[in-house]
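Worksheet: one structure, shown below.
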Amino acid sequence: MQKDQLFTRRRLLLAGAAALGAAGTAGVVLASDAEDAARTVVPAAGPPPRSALKSSAFRLQPLTGYGPPRTEPRKLRVRTEPIMEIPKSGRHMMLTFDDGPNPNYTPHILDTLAKYDVRAMFFLCGECIVVNRELVARMAEEGHVVGNHTWTHPLLTTMNRSEIRDEMASTSDAIEDTYGERPQWFRAPYGAWNRAAFQLGAEMGMEPMAWTVDSTDWTTPGTRTIVDIVEHGAAPGVVVLSHDAGGDRSQSVKALREYLPYLLDNGYHLTVPRRRT
Ligand code: ZN
């Protein structure tokens with residue numbers, strides 16, 4: 001019950017800010033290092049937001065009637081391609097896990113991340129959230145960032161706009177109910193983006209996040225291969241794609257136990273984006 005109360009309080013606090021985050025500071029600001037975060041912002045595609053009217057102009061308008069709007073509407077910033085990496089400074093990398101949560105694999109991933117005091121991103125599917133609510137609550141408690149990966153993991157490029165909206169909106173609702181905040185990040189299943197997905201994501205306050213290095217764990221190539229791909233692909237700014245659901249992910253679980261200490265030993269800081277306000 002205390003957790004529910006906490007979520008409600010956080011929801012109330014965040015309700016205003018979360019509504020249209022994409023129209024504000026777009027890009028990736030990292031959570032791990034406030035000093036770095038202040039100066040490492042990936043610029044968003046598209047024009048800068050239009051500046052608001054000077055407040056003094058409003059005072060000359062009658063309080064009622066049909067004068068100009070009191071605030072100029074913000075222009076929605078819609079990307080045409082997803083973000084594929086995070087700022088390179090400070091040897092930052094980011095680990096992401098898709099398709100969960102799953103009771104067989106996600107707890108082991110979370111245990112390993114906790115052992116090394118590392119935060120990651122989880123792109124969740126709505127149909128998995130509603131049967132594994134406690135795992136989403138654990139992600140929130142342990143400081144991980146969750147993103148929207150649709151409800152049923154469909155190929156969005158075969159769907160119409162209203163079907164895509166349903167997939168995305170219902171998943172954001174489920175995340176809010178379980179994680180306590182609406183997601184600010186979205187990842188298209190199979191990395192198959194289209195214009196409607198970018199537009200709808202922006203309308204729902206989410207930035208599109210892809211990846212730099214595919215661990216290929218979804219092909220179950222063997223733990224050694226997954227470890228090699230991640231370790232050889234390691235570089236500042238890299239976002240790693242892995243999975244904690246959608247099939248037998250025991251290789252993904254074992255691989256993380258090997259490559260995570262390797263990355264840390266090699267001076268990488270595993271981080272997540274800071275919440276946009
Ligand atoms: Zn997926």
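The values are calculated or read from the model by the stated rules, or taken from the named source; none is laboratory data. Predicted model only: the values in this text are computed from it and were never measured. A quick note on method: Cβ atoms are made from the backbone with ideal geometry, for glycine too, and the neighbour counts reach across all protein chains shown.
Any residue that is without any contact (Cβ under 8 Å) to a residue 12 or more places away in the chain and within 16 Å of the ligand (Cβ to nearest atom) - is there at least one of those in the range 128-150? Checked the range 128-150: no residue is without any contact (Cβ under 8 Å) to a residue 12 or more places away in the chain and within 16 Å of the ligand (Cβ to nearest atom). Of all residues in the range 205-264, those that are within 16 Å of the ligand (Cβ to nearest atom), surrounded by fewer than 21 Cβ atoms within 10 Å (Cβ to Cβ) and in a helix (DSSP H, G or I) total 2. Residues in the range 109-124 that are in contact with a helix residue (DSSP H, G or I) (Cβ under 7 Å, 6 or more places away or on another chain) and either within 16 Å of the ligand (Cβ to nearest atom) or closer than 17 Å to GLU207 by Cβ (or both): 4 in all.
Residues that are among the small types (Gly, Ala, Ser) and in contact with a Gly (Cβ under 6 Å, 6 or more places away or on another chain) within the range 123-154 comprise just one, ALA140.
When each of HIS92, HIS108 is tested for being surrounded by 21 or more Cβ atoms within 10 Å (Cβ to Cβ) and more than 14 Å from GLY246 (Cβ to Cβ), the lone residue that passes is HIS92.
Yes/no per residue for (1) touching a Gly at 6+ places or on another chain (Cβ under 7 Å); (2) on the phi < 0 side of the Ramachandran plot:
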{"site": "ALA174", "(1), (2)": "yes, yes"}
{"site": "GLY180", "(1), (2)": "no, no"}
{"site": "ARG187", "(1), (2)": "yes, yes"}
{"site": "ALA192", "(1), (2)": "no, yes"}
{"site": "ALA196", "(1), (2)": "no, yes"}
{"site": "GLY205", "(1), (2)": "yes, no"}
{"site": "GLY267", "(1), (2)": "no, no"}
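The set of residues in the range 161-204 that are hydroxyl-bearing (Ser, Thr, Tyr), under 20 Å from VAL130 (Cα atoms) and either within 16 Å of the ligand (Cβ to nearest atom) or not in a helix (DSSP H, G or I) (or both) contains only THR171.
Every test in (1) without any contact (Cβ under 8 Å) to a residue 40 or more places away in the chain; (2) buried (at least 22 other Cβ atoms within 10 Å of the Cβ); (3) not hydrophobic (A, V, I, L, M, F, W, C) is passed by GLN184 save one, and that test is (1). Of the candidates TRP151, TRP218, the single residue that is in contact with a Ser or Thr (Cβ under 8 Å, 6 or more places away or on another chain) and modelled with pLDDT of 95 or more is TRP151. Of the residues making up the range 265-277, those that are modelled with pLDDT under 95 and surrounded by fewer than 16 Cβ atoms within 10 Å (Cβ to Cβ) are ARG275, THR277. How many residues does the range 88-102 contain that are in contact with a helix residue (DSSP H, G or I) (Cβ under 7 Å, 6 or more places away or on another chain) and at negative phi? Count: 6. Can you name every residue in the range 89-108 that is away from the ligand (no atom under 16 Å from the Cβ), within 22 Å of TRP211 (Cα to Cα) and among the polar types (S, T, N, Q)? Correct list: SER89 only.
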